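The values are calculated or read from the model by the stated rules, or taken from the named source; none is laboratory data. From a predicted model like this one, the values you see are computed outputs, not experimental measurements. Note that we place each Cβ from the backbone using ideal geometry, even for glycine, and neighbour counts take in every protein chain shown. Please note that ligands, DNA and RNA were not included when accessible areas were found on the heavy atoms of the full protein model with its side chains. Shrake-Rupley method; radii C 1.70, N 1.55, O 1.52, S 1.80 Å.
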Amino acid sequence: MNNPPVIGVLALQGDVREHLIALASADAVARPVRRPEELAEVDALVIPGGESTTMSKLAVLFGMLEPLRERVRAGMPVYGTCAGMIMLADKILDGREDQETLGGIDMIVRRNAFGRQNESFEAAIEFAGIEGGPVEGVFIRAPWVESVGAAAEVLATYDGHTVAVRQGNVLATSFHPELTGDDRVHAYFVDMVRATG
Amino acid sequence: MSTLPTTTQSPETGTARVKRGMAEQLKGGVIMDVVNAEQAKIAEDAGAVAVMALERVPADIRKDGGVARMSDPNMIEEIIGAVSIPVMAKSRIGHFVEAQVLQSLGVDYIDESEVLTPADEINHSDKWAFTTPFVCGATNLGEALRRIVEGAAMIRSKGEAGTGNVVEAVRHLRQIKNEIAKLRGFDNNELFAAAKELRAPYELVKEVAELGKLPVVLFSAGGVATPADAALMRQLGAEGVFVGSGIFKSGDPAKRAAAIVKATTFYDDPKVIADASRNLGEAMVGINCDTLPESERYANRGW
């Protein structure tokens, strides 16, 4: 793929703007996606940070859930941060009973596992496959990955907990690279997208 | 934004990035006033991104009169226990001990709010002293910047809470946006003078001029009662909305809450807003702000 990939950011709720900026600085064409017809036009998708229960509800309400699941099953590259990680989990703990996910990674994610806002923190995170030193991890009421299946690869841990996972074309982090101005994780994802093109 | 030294291995809590970043996660969402666990669940079911726990909604504070204070810790804890979304709570302006109590209860955001009776007529609380982030109201850019200097990690328009009338929220949001737009056109000489006029530090004024926005998230609050009100505030540039009395003072709170969530997401799609506006039952009655005496205007509180 010589042309820059077109990467959507799911814009139902959350820090959409920050992802659009990070993707643009990683040389992708980035645009918000709220409707099925907008989803059909992108090569890949980022699911931002936000409130996962709200995002799940809006995805159902506006007919996005099935189109999203279909694209993920069909192999579209997806990257989810925080709430986005929850959306990409095959199974979640401490979610709402009616909370839907897209699945995509064989993992169990615990919502708000690192605690409430007072426990939100920053820490340096060694990220397998990303050079130039650790990435800045901003964890906000963040989830962690409780367990992963054989097909999923753990890319980063913090304090014994898995905080970054990849399975095929699907990437998920507990933390928010989009809030740091360091676009290396987004560049890593853009490379994943290019490799599928 | 400051960069984290790569040598740091221990976690750092309560940083500006973590506090402001929390508000970034709420964008595009609706934060609803609730007075008990049952209302909190209705709000969460409707798709609220957070709830604001308080003893009386602003419309009742207006009606009852008297001194309005921080809510009972029991009630806040019940709400924290009832929902999994973030919980905010209000302290009085300048009442840093109420804020300390709220932090100890584990609320996710503190609203240093003009809706409660101010505890200090000169000083707002030093919000840098807290791990819990703060949201503060503003009627204009200078006020917003002064709150940010004091450590606010999120700004909302004040509007006129408890009136069900969006006119003041519109005025405040337009004022803030217009003042930012004006700064964009200023050269350095003018920015020094602008900083003096705004009674805010030059560095912060310059940052706003360069960004073309506040360095923190800007929500709207005060008087939103309908899906169209919420969408209006978003089209005017609010990144999300607080809804106070508008939901639980209406005929069918669950339905209205869900409708306002929809209209906030699809704020630029009149068809979605129209659908969301159908058969909602009675809206809260509302108060005309031009008949409201100066002494009853909450927006005049804080400076």
- Dipole magnitude of region B:120-172, debye to nearest 20 (Cβ charges: Lys/Arg +1, Asp/Glu -1, about Cα centre): 220 debye
- Task: Over both sides of the B-A contact, add up the buried accessible area with a 1.4 Å probe and give it to the nearest 100 Å².
- Result: 3600 Å²
- Task: Give me the compactness ratio for region A:43-197, meaning the Cα radius of gyration over 2.2 N^0.38 Å.
- Result: 0.96
- Which percent, nearest 5, of DSSP beta bridges in the protein assembly as shown are antiparallel? 30 percent
- With a 1.4 Å probe and every protein chain left in place, work out the accessible area per residue of the protein assembly as shown in Å², rounded to a whole number. 37 Å²
- Amide hydrogen neighbours beyond the local backbone of residue A:34, cut-off 5 Å, H modeled: A:11
- quick note, region A:50-197, DSSP beta bridge pairs, % antiparallel (nearest 5) is 70 percent
- Using a 1.4 Å probe over the heavy atoms of the protein chains, calculate the carbon and sulfur portion of the accessible area of chain B as a whole percent. 49 percent
- Message: Charges at C-beta only: +1 for Lys and Arg, -1 for Asp and Glu. How large is the resulting dipole of region A:97-193 about its Cα centre, in Debye rounded to 20?
- Response: 140 debye
- Return one quarter of the surface area of the convex hull spanned by the alpha-carbon atoms of region A:1-129, equal to its mean projected area, in nm². 8.7 nm²
- Of B:71, B:84, B:125, the most mobile residue in a GNM of chain B (C-alpha springs, cutoff 10 Å) is B:84
- List the residues of region A:91-137 that lose 40 Å² or more of accessible area once all protein chains are present, compared with their chain alone (1.4 Å probe, heavy atoms only, no ligands or nucleic acids). A:96, A:116, A:117, A:118, A:122, A:124, A:136
- Item | Choice from A:47, A:92, A:21 showing the highest fluctuation, given a GNM over chain A with Cα pairs closer than 10 Å | A:21
- What list of ³J(HN,Hα) values in whole Hz, one per residue of region B:42-49 in order, does the Karplus curve 6.51 cos²θ - 1.76 cosθ + 1.60 (θ = phi - 60°) give from phi, with Gly and Pro shown as x? 4, 4, 5, 4, 7, x, 4, 7
- Query: How much of the accessible area of chain A, in percent, comes from carbon and sulfur atoms when a 1.4 Å probe is used?
  - Reply: 46 percent
- Query: Relative contact order, percent, of chain A when contacts are C-alpha pairs under 8 Å separated by at least 6 residues?
  - Reply: 20 percent
- Would you kindly calculate the translational diffusion coefficient of the protein assembly as shown, applying Stokes-Einstein with the Kirkwood radius from alpha carbon pairs, for 4 °C and a viscosity of 1.567 mPa s, and quote it in µm² s⁻¹ without decimals? 57 µm²/s
- Message: What percent of all Cα-Cα pairs in region B:173-303 falls into each 5 Å bin, going from 0 up to the bin containing the maximum distance?
- Response: 2, 10, 16, 16, 15, 13, 12, 9, 5, 2, 0
- Peptide B:79-91 - average C-beta neighbours from other chains (10 Å radius): 2
- Message: Strictly greater than 15 Å: what percent of every Cα pair in region B:133-201 meets that?
- Response: 57 percent
- Interchain or sequence-distant (5+) residues whose placed amide H lies within less than 5 Å of the amide H of residue A:91 are A:107, A:109
- Query: For region A:88-166, treating each Cα as an identical point scatterer without solvent, what Debye log10 I(q)/I(0) comes out at q = 0.16, 0.18, 0.20 1/Å?
  - Reply: -0.62, -0.78, -0.93
- Karplus-derived HN-Hα couplings along region A:168-177 (A = 6.51, B = -1.76, C = 1.60, θ = phi - 60°), whole Hz, x at Gly and Pro: x, 8, 10, 10, 8, 10, 5, 9, 10, x
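Please report, in cubic angstrom per residue, the volume enclosed by the convex hull of the alpha-carbon atoms of chain B. Each step should come with its number before you reach the end.
Details: hull volume 41.4 nm³, N = 303.
Expressed per residue, the convex hull around the Cα atoms of chain B is 137 Å³.
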- Message: Among B:34, B:288, B:142, whose Cα projects farthest towards the positive end of the dipole of the protein assembly as shown, with charges put on the beta-carbon of Lys, Arg (+1) and Asp, Glu (-1)?
- Response: B:288
- Note on the structure: Sorted by chain and then number, the residues having a modelled amide H within less than 5 Å of the amide H of residue B:220, at least 5 places away or on another chain, are B:157, B:239, B:240, B:241, B:242
- Message: Taking the Cα centre as origin and putting +1 on Lys and Arg beta-carbons and -1 on Asp and Glu beta-carbons, what dipole magnitude results for the protein assembly as shown, to the nearest 20 debye?
- Response: 820 debye
- Calc'd 3J(HN,Hα), region A:55-60, phi into Karplus 6.51 cos²θ - 1.76 cosθ + 1.60 (θ = phi - 60°), Hz, glycine/Pro = x, comes to 4, 4, 4, 5, 5, 5
- Query: By per-residue mean of other Cβ atoms within 10 Å, what is the highest-first order of B:250-256, B:99-105, A:107-113, B:20-26?
  - Reply: B:20-26, A:107-113, B:99-105, B:250-256
